[in-house]
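> Below you'll find the structure I mean.
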Ligand code: MEV
């Protein structure tokens, strides 16, 4: 048996717009997917966590095996503490964990770059047209500015500076919306309203520019304001549903500096920025009172 690990992420600025080449900023979180693989006569998948879609997951394992040119079959078991309802990069974390488990099984000494590329092939089963930000985050972690290239090999990413510790609360709607579906809905919006969509992309690009500076200087007030601005854009493209809005409202009422959908939306997860650790607990309680699952994550 071999084991592999992949980490989750939150997108701070510019999800969805990143699919169309706008830069985005994402932060790695410590919640992780852990995968155990055992050689088997046929491909199999089981999970300790709720919310995964077995058909897509099995397809992603097949994609990874094919990409790595591995002819043997495995039973793959997923565990770990990364919620799989969407928004936290759980499918990418799973793919990275599978690649790393295979790397351990066959002692391949893969470089991160190769892990990332193979995981991207797995991600295609879930996303259809992934930008590559999720598998990049699951492979490298940290605080990253990501720009999609014309091909995966042309994607660019760099670590961004974090000037002061950031304390986030993640609110989990418990509603799973496949990222592929959300990305397809946004594409429809783009095709129907090309000018409006371009305008929203331009605004997202500005938010990322200002956000990168605010992160570097540790200006948490401005980071929060930019998160709120970003949420306006996400509402405009229709990815923030009632449950997202309830979590965001609860967090802002508890004094969050900013709050928004993170990731694909249509449910999934929201992210709220607290002033400090103590304040994060207050936001946590406000989200709990509305009946949603929630947890705290910090970025140093
Ligand atoms: C999903 O975590 C982020 C999206 O922008 C899709 C993608 O970039 O592949 C919604």
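FYI, it's all coordinate maths here, none of it is from the lab. The structure presented is a predicted model; accordingly, all values stated were derived computationally and were not measured. Reconstructed Cβ throughout: ideal geometry from the backbone, glycine too, with neighbour counts over all protein chains shown.
> By how many nm would the segment from residue 216 to residue 196 grow when fully extended, if each residue of separation counts as 0.36 nm and the alpha-carbon distance is taken off? Working shown, then result.
Numbers: separation 20, 0.36 × 20 = 7.20 nm, distance 3.05 nm.
Using 0.36 nm per residue and subtracting the Cα-Cα distance, I get 4.1 nm.
> If you don't mind, there's one more thing I want to ask. With axes computed from alpha carbons, what is the tilt in degrees of helix 90-106 against the longest principal axis of the chain, rounded to the nearest 10 within 0 to 90?
30 degrees
> Counting pairs of alpha carbon atoms under 8 Å apart in space and at least six apart in sequence, what relative contact order in percent does the chain give? Can you show the working numbers first?
On the way: 707 pairs, mean separation 67.6, N = 300.
That works out to 23 percent.
> Binning every alpha carbon pair distance of the stretch 2-160 at 5 Å from zero, what are the percents per bin?
2, 11, 21, 25, 20, 13, 7, 2, 0
> Label point 7 Å out from residue 112 along Cα-to-Cβ: which residues of the stretch 131-175 have amide N under 16 Å?
Only 133-147, 155-162 pass the distance filter.
> Related question: Angle, helix 194-217 long axis vs. longest principal axis of the chain, Cα atoms, 0 to 90°, nearest 10?
The answer is roughly 90 degrees.
> Related question: Between residue 40 and residue 187, what is the label-to-label distance in nm when each label sits 7 Å out along the Cα-to-Cβ direction?
3.1 nm
> Project the alpha carbons of the stretch 1-83 onto their principal axes and report the range along each, largest first, in whole Å.
Cα extents, longest axis first: 44, 26, 20 Å.
> Same structure, new question: Restricting the calculation to Cα positions, tell me the Rg (one decimal) and the Dmax (whole number) of the stretch 108-267 in Å.
Just the Cα atoms of the stretch 108-267 yield Rg and Dmax of 16.5, 51 Å.
> Run through the DSSP bridge list for the chain and note the antiparallel percent, rounded to the nearest 5.
Numbers: 44 of 48 bridges.
Approximately 90 percent, going by the DSSP bridge assignments.
> Right, here's the next one. Whole percent per 10 Å bin, from 0 to the bin with the longest distance: what is P(r) over all C-alpha pairs of the stretch 112-176?
All Cα pairs, binned at 10 Å, distribute as 18, 43, 29, 10 percent.
> Here's something else I'd like to know. Counting each DSSP H run of 4 or more residues in the chain as -39500 (n - 2.57), what helix-only mean residue ellipticity at 222 nm follows after dividing by all residues, to the nearest 500 deg cm²/dmol?
Numbers: 9 runs with 135 residues, N = 300.
Taken over the chain, the calculation gives -14500 deg cm²/dmol.
> From the Cα gyration tensor of the stretch 255-300, with a ≥ b ≥ c the square roots of its eigenvalues, which class applies: rounded if a/c is under 1.5, or else prolate if a/b is larger than b/c, or else oblate?
Values: a/c = 1.90, a/b = 1.27, b/c = 1.50.
Cα axes put the stretch 255-300 in the oblate bin.
> Could you work out the relative contact order of the stretch 166-299, using alpha carbon pairs under 8 angstrom and six or more residues apart, expressed as a whole percent?
Rounded, it is 42 percent for the stretch 166-299.
> Could you work out the mean projected area of the convex hull around the alpha carbons of the chain, in square nanometres to one decimal? All intermediate terms of the calculation are to be shown ahead of the outcome.
Details: hull surface 56.3 nm².
So the Cα hull casts an average projection of 14.1 nm².
> Quick one: compute the contact order of the stretch 2-160, relative version, from alpha carbon pairs under 8 angstrom and 6+ residues apart, as a percent. Before the final figure, lay out the partial values.
Numbers: 367 pairs, mean separation 51.3, N = 159.
Reported as a whole number, the value is 32 percent.
> So, one more: First obtain the Kirkwood hydrodynamic radius of the stretch 176-271 from its Cα pairs, then insert it into the Stokes-Einstein equation at 10 °C and 1.306 mPa s, and state the resulting D in µm² per second as a whole number.
Working: Rh = 13.9 Å.
Rounded to a whole number, D works out at 114 µm²/s.
> Also, I was wondering about something else. Using the alpha-carbon atoms, what tilt in degrees (0 to 90, nearest 10) does helix 112-127 show relative to the longest principal axis of the chain?
Once rounded, one gets 80 degrees.
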